[in-house]
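This report concerns only the one structure given below.
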Amino acid sequence: MTERFVKHATFVVEKTYAASPAKVYQAWADPAAKAKWFSKADTFEFRVGGREYSSGGPPEGPVFTFDACYQEIVPEQRIVYSYTLDSDDVRISVSLTTVELIPVEGGTKLVFTEQGAFFDGHDTPEIREHGTNEMLDALGKTLE
């Protein structure tokens with residue numbers, strides 16, 4: 001029998017962009033803008049209670065399914081969503097994510113906080129934090 005366990009973790013990633021909070025917010029709120037740095041959504045309803053859903057992956061790798069629900073949106077200030085992440089047919093995590101946009105001189109400080117439950121060793125907080133850093137770097141490139 002497979003050992004079942006849950007690893008709970010919280011991590012915070014901070015990035016500063018030379019772009020206004022309005023521009024950074026738009027990169028999250030507009031599906032075409034978001035698809036430039038995140039997986040292209042099959043469903044994108046950017047509103048409280050709305051869903052964002054995408055499924056895909058590398059040709060020879062697993063299919064990853066991201067299924068999110070927006071819990072709170074304060075334009076140009078805060079986005080909170082909960083999401084599940086599956087690899088093929090295996091649920092690997094459930095998370096709550098908070099994205100804060102803070103005006104700073106010359107741009108925006110983004111504070112990304114993820115609180116996750118990672119299942120059975122299929123994913124780890126360290127791998128997720130690394131991927132989040134790469135994702136937010138990709139966001140930064142689209143804002144340049």
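Brief remarks on what is shown
- Net dipole in debye of the chain [+1 Lys, Arg Cβ; -1 Asp, Glu Cβ; about Cα centre; nearest 20]: 380
- Gain upon complete extension [VAL94, TYR53; 0.36 nm per residue less C-alpha separation]: 13.4 nm
- Loop-located trypsin sites (Lys or Arg not before Pro) in region 55-127 (DSSP state other than H, G, I, E, B) with a sparse environment of at most 10 neighbouring Cβ atoms within 10 Å are absent.
- Viscosity 1.567 mPa s, temperature 4 °C, Stokes-Einstein D of region 6-142 from Kirkwood C-alpha radius, µm²/s: 84
- Heavy atoms of HIS122: accessible area, 1.4 Å probe, square angstrom to 10: 100
- Probe 1.4 Å, all protein chains present, accessible-area order of VAL24, VAL74, largest first: VAL74, VAL24
- Gaussian network model of the chain, springs between alpha carbon atoms under 10 Å - residue of GLY50, GLY107, GLY61 with greatest fluctuation: GLY61
- For a straight C-alpha distance cut-off of 23 angstrom, the lysines reachable from LYS36 (same-chain residues fewer than eight places away being disregarded) are LYS15, LYS23, LYS109, LYS141.
- 0 to 90° range, to nearest 10: angle between helix 125-143 axis and the chain longest Cα axis: 30
- Farthest toward positive dipole pole in the chain [+1 Lys/Arg, -1 Asp/Glu at C-beta], among VAL90, GLY121, GLY106: GLY106
The values are calculated or read from the model by the stated rules, or taken from the named source; none is laboratory data. What you are looking at is a predicted structure, and each value in this text was computed from that prediction instead of being measured. Reconstructed Cβ throughout: ideal geometry from the backbone, glycine too, with neighbour counts over all protein chains shown. Ligands, DNA and RNA are stripped out before the accessible areas are found, and what is left, the full protein with its side chains, is counted by its heavy atoms. Shrake-Rupley method; radii C 1.70, N 1.55, O 1.52, S 1.80 Å.
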